[in-house]
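As structure tokens, the structure follows; a few thoughts come after it.
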Amino acid sequence: MSTTQSERLRGLLEPLVAARDLDLEEIEVTPAGKRRVLRIVVDSDEGVQLDECAELSREASQVLDDSDVMGGAPYTLEVTSPGADRPLTELRHYRRAVGRLVKAQLTAEAGADELVARITAVDEDGLDLEVPGVKGRKPTARRLSFDEIAKARVELEFNRKADKADKADKRDAQHDEKIDENKIDENKEEA
């Protein structure tokens, strides 16, 4: 995709995406046989629902049809959210990944190593991480600045064990439910 086409697409689509309180993450035009595929990737702090993608797709289709930015050749429009394994490249990506496990390739200055750790906090300068302990040892805290990270992405966890805070929150919620049930039973008895 030419820079001019990319800029024109971004200029057309960014206001539509922003009006829905979404972030325009990527615009990509790729050949697919005799057609092309225009993929628009959007995201938000709360995630993106399928209905939002469908509505945005209809609006984007209309705007694109009214312009000549895609030219006369046929194309397929896709509006999607980023995959779970997308690279973390922006501050907002890291903020959305707080609490998640990430794999980071470190720069030569930081030891040119690979690090797998859980993000505990993010600010403008870098990340606070919890590095898992090895062989039963306790996890350790580590601070990593953004310029020490060559590339990073979220690691998928299928069997994540809830930490103590999550378990405590669940116990508190169950306790509150029991109290509410007892109040309902008391109100029934009084009536």
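Laid out as a table, the results:
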{"quantity": "Members of the range 130-144 that are under 15 Å from residue 98 (Cα atoms) and not acidic (Asp, Glu)", "calculated": "131, 141, 142, 143, 144"}
{"quantity": "Conditions (1) at pLDDT 90 or above; (2) on the phi > 0 side of the Ramachandran plot; number of the one not met by residue 135", "calculated": "(1)"}
{"quantity": "Residue 52 in contact with a strand residue (DSSP E or B) (Cβ under 9 Å, 6 or more places away or on another chain), outside any loop (DSSP other than H, G, I, E, B) and over 16 Å from residue 151 (Cα atoms)", "calculated": "yes"}
{"quantity": "Per-region count, the range 11-35, residues modelled with pLDDT of 90 or more, more than 15 Å from residue 60 (Cβ to Cβ) and not in a strand (DSSP E or B)", "calculated": "1"}
{"quantity": "Subset of the range 145-160 [part of a loop (DSSP other than H, G, I, E, B) and within 16 Å of residue 97 (Cβ to Cβ)]", "calculated": "155, 156, 157, 160"}
{"quantity": "Residue list for the range 132-146, filter: of a type in the set (Lys, Arg) and either touching a helix residue (DSSP H, G or I) at 6+ places or on another chain (Cβ under 9 Å) or open to solvent by 100 Å² or more (accessible area, probe 1.4 Å) (or both)", "calculated": "135, 137, 138, 143"}
{"quantity": "Residue satisfying all of: in the range 98-111; small (Gly, Ala, Ser) and closer than 15 Å to residue 145 by Cβ; surrounded by the most Cβ atoms within 10 Å (Cβ to Cβ) among these", "calculated": "104"}
{"quantity": "Residue pairs meeting the criteria (Cβ under 7 Å; at least 6 apart or on separate chains; first of a type in the set (Ser, Thr, Tyr), in the range 117-139; second in a strand (DSSP E or B))", "calculated": "120/128; 120/129; 120/130"}
{"quantity": "Test: residue in the range 39-51 that is open to solvent by 80 Å² or more (accessible area, probe 1.4 Å) and small (Gly, Ala, Ser)", "calculated": "no"}
{"quantity": "Residue tally, condition of a type outside the set (Val, Ile, Thr), under 19 Å from residue 90 (Cβ atoms) and outside any strand (DSSP E or B), over the range 106-134", "calculated": "3"}
{"quantity": "Given (1) over 30 Å from residue 97 (Cα atoms); (2) in a strand (DSSP E or B); (3) among the basic types (Lys, Arg), index of the condition residue 8 fails", "calculated": "(2)"}
{"quantity": "Criterion (on the phi < 0 side of the Ramachandran plot, surrounded by 11 or more Cβ atoms within 10 Å (Cβ to Cβ), part of a helix (DSSP H, G or I) and modelled with pLDDT under 95) met by exactly one of 188, 167, 183, 178", "calculated": "167"}
{"quantity": "Residue that is most open to solvent (accessible area, probe 1.4 Å) [pool: residues in the range 81-97 that are assigned to a helix (DSSP H, G or I) and touching a strand residue (DSSP E or B) at 6+ places or on another chain (Cβ under 6 Å)]", "calculated": "95"}
{"quantity": "Failed criterion for residue 21 (all others in (1) surrounded by fewer than 18 Cβ atoms within 10 Å (Cβ to Cβ); (2) over 24 Å from residue 98 (Cβ atoms); (3) touching a Ser or Thr at 6+ places or on another chain (Cβ under 7 Å) hold)", "calculated": "(2)"}
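The values are calculated or read from the model by the stated rules, or taken from the named source; none is laboratory data. Predicted model, so just to flag it, every value in this text is computed and none were measured. Note: ideal-geometry Cβ built from the backbone for every residue, glycine included; neighbour counts use all protein chains shown. The accessibility values were calculated without ligands, DNA or RNA, using every heavy atom of the protein model including side chains. Shrake-Rupley method; radii C 1.70, N 1.55, O 1.52, S 1.80 Å.
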